[in-house]
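Derivation of every value follows stated rules applied to the coordinates shown; laboratory data play no part. Model, not experiment: these values are computed from the prediction. Here the Cβ positions follow ideal geometry from the backbone for every residue, glycine too, while neighbour counts run over all protein chains shown.
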Amino acid sequence: MLLLAGTRWLNEPAVQAWRTVSLAITVQALPFLLLGTALSGAINAFVPADLFTRVLPKRPALAVPVAGVAGAVLPGCECASVPVASSLIRRGVPPSAAFAFLLSAPAINPVVLTATAVAFPGSPAMVAARLLASLATAAVMGWLWLWLGKDKWLRPLLRHRHTGHRHGHSRRTEFRLGFQHDFLHAGGFLVLGAMAAATFNVTMPRSVLDTFSGSPWLSVLFLAGLAVLLAVCSEADAFVAASLTGFSPTARLAFLVVGPMVDLKLIALQAGTFGRAFAWRFSAATTVVAVVASVLIGGALL
């Protein structure tokens with residue numbers, strides 16, 4: 001609409017660069033978002049709701065890593081993992097295992113890893129580092145909750161959401177509604193994230209970038225904080241990270257590990273589902289664990 005209005009400032013070089021970067025990130029990531037939400041909708045409609053309670057070990061300490069690995073079967077964005085984790089808890093899955101699943105699902109599923117491989121061509125180490133750091137973070141957070149978590153931090157789950165097929169409803173209708181909701185919801189965040197990333201790339205003074213990118217520790221912390229603020233969908237964040245070429249691979253790994261686990265929209269979703277007392281504690285601890293895992297694994301592989 002602005003282009004049709006013929007506004008002059010839209011032809012400025014900086015605005016044209018912003019438009020190019022924003023559209024490039026969106027167009028690159030859109031097929032992966034489309035595939036991920038379609039698969040997520042199919043799982044929601046066709047996979048039995050009690051599947052995880054049947055396959056998880058009875059001992060919570062063993063259920064945590066198994067649930068973390070099981071996150072690979074939910075190829076959706078992080079927005080879908082919160083209601084799924086809530087449903088798992090209501091069906092008797094230990095909260096520690098449900099939270100491990102919540103963190104790993106948007107970070108290690110095949111769609112996200114494939115998108116990462118496409119965004120970082122010729123760099124399989126980045127894919128492996130993201131997989132290992134994300135799994136390590138999910139497992140450690142699950143064990144921390146098993147050790148230190150308190151039920152009083154979780155508010156009663158009174159809203160009975162359902163993540164499996166409901167009798168009397170068409171599976172096709174459930175698939176269509178789930179896909180439509182997830183794609184439009186995540187797609188909006190994708191566009192906003194692409195616009196924010198483009199704004200960051202175009203407007204951030206080079207001196208500021210040099211200050212952060214020149215320091216190994218500051219660059220990691222800076223991109224971890226940026227991941228929280230940008231709130232890019234996990235199926236698109238690899239393309240944003242790949243555009244941050246001035247930063248080290250370890251710093252960009254921190255962006256990829258922190259983003260799907262802690263961002264502004266996730267904190268809001270967790271607060272609404274589990275309670276604010278849980279959301280702030282869990283998000284803060286997850287950020288610290290994710291940064292440490294990224295530094296350790298990134299330093300070894302990248």
* **Quotient of Cα Rg and 2.2 N^0.38 Å for segment 203-265, N being how many residues it contains** => 1.02
* Asked: Which of the peptides 128-138, 213-223 is most tightly packed, and how do the rest follow, going by the mean number of other Cβ atoms within 10 Å of each residue?
  -> 128-138, 213-223
* Any chance you could list the semi-axes, whole Å, largest first, of the equivalent ellipsoid that the Cα gyration tensor gives for segment 76-150, using √(5λ)? => 27, 14, 6
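Rank-order 55-61, 98-104 by packing density, defined as the average count of other C-beta atoms within 10 Å over each peptide's residues, highest first.
98-104, 55-61
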* Asked: Around Leu223, with a cut-off of 15 angstrom between Cβ atoms, what is the net charge of the other residues, counting Lys and Arg +1 and Asp and Glu -1?
  -> -1
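Relative contact order of segment 89-145, please, whole-number percent, based on alpha carbon pairs below 8 angstrom and at least 6 residues apart.
In percent, rounded to a whole number, it is 48.
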* **Separation in nanometres of the label points that stand 7 Å from Cα toward Cβ, at Leu148 and Ala61** => 1.9 nm
* Given the Cα atoms of segment 261-302, and with Rh set as the inverse mean 1/r over their pairs in the Kirkwood sense, what is Rg to Rh to two decimals? -> 1.14
* To do: Report the net charge of residues surrounding Ser123, where surrounding means a beta-carbon distance below 11 angstrom and charges are Lys +1, Arg +1, Asp -1, Glu -1.
  => +2
* Structure fact -> Subtracting the Cα-Cα distance of Val288 and Ser123 from 0.36 nm times their residue separation yields 56.8 nm
